[in-house]
Amino acid sequence: MQPTAIDALLQETRVFPPSDEFVKRANISDPAVYDEAARDFEAFWAKHAEQCLHWFEKWHTVLEWNPPYAKWFIGGKLNACYNCVDRHAQTWRRNKAALIWEGEPGDERVLTYGDLHREVQKFANVLKSLGVQKGDRVCIYMPLIPEAAIAMLACARIGAPHSVVFGGFSADALADRIRDAQAKVLITADGGWRRGAIVPLKRNADDALRQTDSVQTVIVYQRIGGDYTVNMQEGRDHWWHELMQTAPLTCPAEPMDSEDLLYLLYTSGSTGKPKGIMHTTGGYMTGVTLTAKWVFDLKDEDVFWCTADVGWVTGHSYLVYGPLSNGATCVMYEGAPDYPDRDRFWAIVEKYRVTILYTAPTAIRAFMKWGEQYPRKHDLSSLRLLGSVGEPINPEAWMWYHEHIGGGRCPIVDTWWQTETGAIMITPLPSIVATKPGSATKPFPGIFPAILNDKGETVGTNQGGYLVITRPWPSMTRGLWGDPERFVQTYWSKYDGIYFTGDGARQDEDGYFWLLGRVDDVINVSGHRLSTMEVESALVDHHAVAEAAVIGVHHEIKGQGIAAFVIIKEGYTADESLKDALKQHVAQKIGAIARPDQVFFTADLPKTRSGKIMRRLLRDIAEGRALGDTTTLADPSVVQALKEKYEGQEE
Ligand code: 7RM
């Protein structure tokens, strides 16, 4: 984060307590809950696991903690799909809307809990009939349509862990994830809509499957149809609607062990290879169900809209599992916020009378830039609570969100968490904790973060350090698929028995947490995690590139943008068309989110004597700061030359 941004955060003194009106009706408003959880966190989690979920069989042991491995609710039996669907379909909620979906072209569908119950059972039977068994991995590569959630829930129903791959990822990225998970079945669609164009999902899937061999069966949902045709490989590929026609109507929910794998979700780390984060059933469902209930204050009459795609953990935890487990009505929107116009989100809020909106700072900053005339065109008076996730929210964006979207009356919950943590970790409880613009405020009850220095000592008030979590929590990841060593190395080797988040933070005089961004080689572009090495690998894969170094740089809208320093091979010309070709190449190798914002050609890169690229110096150069310590460089003149050159070729 930029020094100026930290100064601004240090100066932030505005405090926003919740209104009496909000407190009076809140699901949780007794501050004693924090002490209760601190006194006996196992008892706290056990009480809520029992109250907010349906268990086929109760556990015998709450927690077994062998760092870095935790087991929660051992011996307990439950099913995530049963908790999200069946138990509501058995009550008056059978005819309550579970999903209100809007497609980008303007098509609409509403699925009640009863509809979901029927669809997931049928689709679970489809999976079974294709030979999917408990423990088999199923890859889901879909647009944001109800069938994405139906596919996830059907997998959960039969105990087949899903691995959802974001529909914006490339064929190569999909192939890497299919291969690593050794997925047996791929569920996809002919295509999806994005800004009026068709995303060729099936074509990407075909490309990916040419590079992998574990997938035996592909199920294709027809989202586009009409004249848009896709290749269907005889014996391998099946249409969703054809399989569903003959699928039996009932399929029992498999009683799963608490610690049975619910899903894998790939996320970027500091090396080029994405990691398969594992989440199990009992602890994960406890974490997402309780946080959804308390942080979003979900009630039966709410209309909850989480704008995330199911391809990210936010979509897993707060578009599917958390809200549905609470029996909530969820809005799902397929497309872009500026299609057909920049008021699309506000049109949706008005149309469905959304009461709770959960979105990302990058979106808020874009709305801010577009101007308040867009939200002002619509009646946003249904909103009563706003949420933010994915990256630090700057106080200006927070204030804009508060005033122009929340009409000054809605509490804002800035929720810090990670794919690895499964559920929200640091957040206000909106009726208890007064908010400060830019701060994620306090740990959720039963969560124990700390801020440490390199020696493992707690830092003082307002001093920056590494954010860690000192005790286990139910929804914590159970490890990395197929790579236990990397799991230990990445999260558990810096401090003994303490979870290292990879984020920097400070705590103010009121004990509020202020997140300061990543401290590793992970960059956060529009709330999406990418590793610098992942982008570097994509660049050196291009025939003109000899070497590349990638850094995250401050970006007004995206939070961080990507700058690439590239050494080209002899015989190639360093010109604009090559820059464009390289950007395009990265987008094609990984996905559009990884497209570099800036490419700089250079003859050399600053390296230490042991050959490590000094990214810190590249960041100093890219962000126009004075150069820091260069004494460890093998050749200090490289960086000076680079700085001069860089200043001359500003994009
Ligand atoms: C939920 C999600 C995780 C990384 C995390 C942080 C950053 C997320 C916030 C945040 C500041 C927040 N999972 N991050 N939320 N930083 N304030 N409220 O985003 O695995 O994709 O990313 O995102 O750096 O480590 S994630």
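For the stretch 528-598, just say rounded, prolate or oblate: build the C-alpha gyration tensor, square-root its eigenvalues into a ≥ b ≥ c, call rounded for a/c under 1.5, and beyond that prolate if a/b exceeds b/c, oblate if not. Don't skip to the answer; put the middle values down first.
On the way: a/c = 1.89, a/b = 1.70, b/c = 1.11.
In terms of gyration-tensor shape, prolate.
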18 Å Cα-Cα reach of K58 towards lysines, excluding residues that sit fewer than 8 places from it in its own chain: K47, K71, K77
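Send over the per residue convex hull volume for the stretch 34-119, Cα only, as a whole number of Å³.
In the stretch 34-119, the Cα hull volume divided by residue count equals 172 Å³.
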Base-10 log of normalised Debye intensity for the stretch 345-494 (one unit scatterer per alpha-carbon) at q = 0.09, 0.21, 0.22 Å⁻¹: -0.37, -1.30, -1.38
By average C-beta atoms within 10 angstrom, highest first, the peptides 28-34, 608-614: 28-34, 608-614
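May I ask you to sort I412, I447 by Cβ crowding, counting other Cβ atoms within 10 Å and putting the fewest first? Walk me through the intermediate numbers first.
Numbers: I412 21, I447 24.
Placing the least packed residue first, the sequence is I412, I447.
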Protection proxy ranking, peptides 227-235, 386-394, 522-530, average beta carbon neighbours within 10 Å, highest first: 386-394, 522-530, 227-235
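Remind me, relative contact order of the chain in percent, using alpha carbon pairs under 8 angstrom and six or more residues apart?
It rounds to 13 percent for the chain.
Give me the orientation-averaged projected area of the Cα convex hull of the chain, in nm², one decimal.
On the way: hull surface 113.3 nm².
Dividing the Cα hull surface by four gives the mean projection, 28.3 nm².
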Packing-based order for 346-359, 568-581, using average beta carbon neighbours within 10 Å, highest first: 346-359, 568-581
Per-residue [θ]222 nm for the chain (sum of -39500 (n - 2.57) over DSSP H runs n ≥ 4, rounded to 500): -8500 deg cm²/dmol
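Indicate, rounded to the nearest 5 percent, the antiparallel portion of the DSSP beta bridges found entirely in the stretch 161-262. Don't skip to the answer; put the middle values down first.
Details: 3 of 11 bridges.
The antiparallel proportion sits near 25 percent.
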Whole-angstrom gap from the stretch 523-545 to the stretch 409-459, using each part's C-alpha centre: 29 Å
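Please say if the stretch 79-175 is rounded, prolate or oblate, where rounded means a/c under 1.5 for a ≥ b ≥ c the square roots of the C-alpha gyration tensor eigenvalues, and otherwise the choice is prolate for a/b larger than b/c and oblate otherwise?
Details: a/c = 2.45, a/b = 1.18, b/c = 2.08.
Oblate is the answer for the stretch 79-175, as a/c is 1.5 or above yet b/c matches or exceeds a/b.
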Fraction in percent of alpha-carbon pairs per bin - 10 Å, the stretch 262-312: 19, 39, 32, 9, 1
Rh (Kirkwood; distinct C-alpha pairs) - the stretch 537-643, Å: 14.3 Å
Positive-end residue of F367, I393, Y352, charge dipole of the stretch 272-412 with Cβ unit charges: I393
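Could you list, in their original order, any pairs among K202/K589; K369/K645; K377/K436; K558/K643; K275/K607; K275/K589 whose Cα atoms are separated by more than 20 Å? Spell out each step's value before the answer.
Numbers: K202/K589 17 Å; K369/K645 31 Å; K377/K436 28 Å; K558/K643 24 Å; K275/K607 27 Å; K275/K589 17 Å.
Result: K369/K645; K377/K436; K558/K643; K275/K607 exceed 20 Å.
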The stretch 234-369: C-alpha gyration tensor shape, a/c 1.5 cut-off, then a/b vs b/c: rounded
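Values in this text are rule-based calculations from the coordinates and carry no lab data. Remember, it's a predicted structure, so these values are computed and weren't measured experimentally. With ideal geometry, Cβ positions are generated from the backbone for all residues, glycine too; neighbour counts draw on all protein chains shown.
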